[in-house]
Ligand code: ATP
């Protein structure tokens, strides 16, 4: 028997609501929680259960049996105090995995200290991805791996066409690694140095931010 993972989403704004919908669409068990009755009503037919609760109240979280959930997502954005207090209580109650949506760096620092397992900045991350995409039409996607490293998905520019990876020498010239090439439906994982790039190829490149930026500027822009 497959035991379904149990999720709880606290805060049903645009972000929390979207997580809740996606988890439910993927047949996951989801408890949707919000202090606002209208928001809870909106999710009563979407989530497995939807309850009105103030999650800054420890007794409320205890009575919901929150520590039995595999993963709790704290998506309270504007009320940073409520987000921090909720995270603290979840941690104290022994919830095994907590993801928090952070509003700013200060918020992130505090919830990290408390012990949140994952901290996300959806607006900041999406802003970065879109900025890279509009700076160069060749950049399809951009993902920050850490403060200093990222992965980019880019369309091979004319300068790259019909050249092998060794000829382009992306590793020596830019310190980046091509980890995969998407070609139509095919994905070439860990391509060899002798691999030729053809028109329409999409390269997945990993590297330090400075190096990735240099690659974007020099190899993509004519
Ligand atoms: P988003 O940016 O994701 O759209 P939002 O601006 O709609 O978010 P926020 O104020 O960031 O809303 O909060 C998200 C949700 O968290 C709201 O629906 C709000 O009612 C809920 N919320 C705020 N405080 C608490 C609390 N103490 N307990 C439970 N839910 C709360």
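The values are calculated or read from the model by the stated rules, or taken from the named source; none is laboratory data. What you see is a predicted model, and the numbers here were worked out from it, not measured in a lab. Reconstructed Cβ throughout: ideal geometry from the backbone, glycine too, with neighbour counts over all protein chains shown.
Some observations on this one:
- Qualifying positions in the range 26-43 - touching a residue at least 12 places away in the same chain (Cβ under 8 Å) and either outside the structural domain of residue 58 (by TED's automatic domain parsing) or not in a helix (DSSP H, G or I) (or both): 27, 28, 29, 30, 31, 32, 33, 34, 35, 36
- Taking the range 16-35 as the range and being within 15 Å of the ligand (Cβ to nearest atom), more than 19 Å from the chain's Cα centre (by Cα) and more than 14 Å from residue 69 (Cβ to Cβ) as the test, the residues that pass are 34, 35.
- Check on residue 60, surrounded by 15 or more Cβ atoms within 10 Å (Cβ to Cβ), within 12 Å of the ligand (Cβ to nearest atom) and outside the structural domain of residue 204 (by TED's automatic domain parsing): yes
- Scan of the range 176-190 for residues that are assigned to a loop (DSSP other than H, G, I, E, B), more than 18 Å from residue 138 (Cβ to Cβ) and at pLDDT 90 or above, ordered by number: 190
- Of everything in the range 1-15 that is outside any helix (DSSP H, G or I) and free of Cβ contacts under 8 Å to residues at least 24 places away in the same chain, the residue that is farthest from the ligand (Cβ to nearest atom) is 1.
- Residue check, residue 86 near the ligand (Cβ under 10 Å from one of its atoms) and buried (at least 18 other Cβ atoms within 10 Å of the Cβ): yes
- Condition check for residue 91: more than 30 Å from residue 182 (Cβ to Cβ), surrounded by 14 or more Cβ atoms within 10 Å (Cβ to Cβ), in contact with a helix residue (DSSP H, G or I) (Cβ under 9 Å, 6 or more places away or on another chain) and touching a residue at least 60 places away in the same chain (Cβ under 8 Å): no
- Flag for residue 66 being within 14 Å of residue 9 (Cβ to Cβ), in contact (Cβ under 8 Å) with a residue 40 or more places away in the chain and buried (at least 18 other Cβ atoms within 10 Å of the Cβ): yes
- Neighbours by Cβ (under 7 Å, 6+ apart or cross-chain): first from the range 186-200, assigned by TED's automatic domain parsing to the domain that holds residue 154; second in a loop (DSSP other than H, G, I, E, B): 188/195; 196/162; 197/156; 197/161; 198/161; 198/162; 199/161
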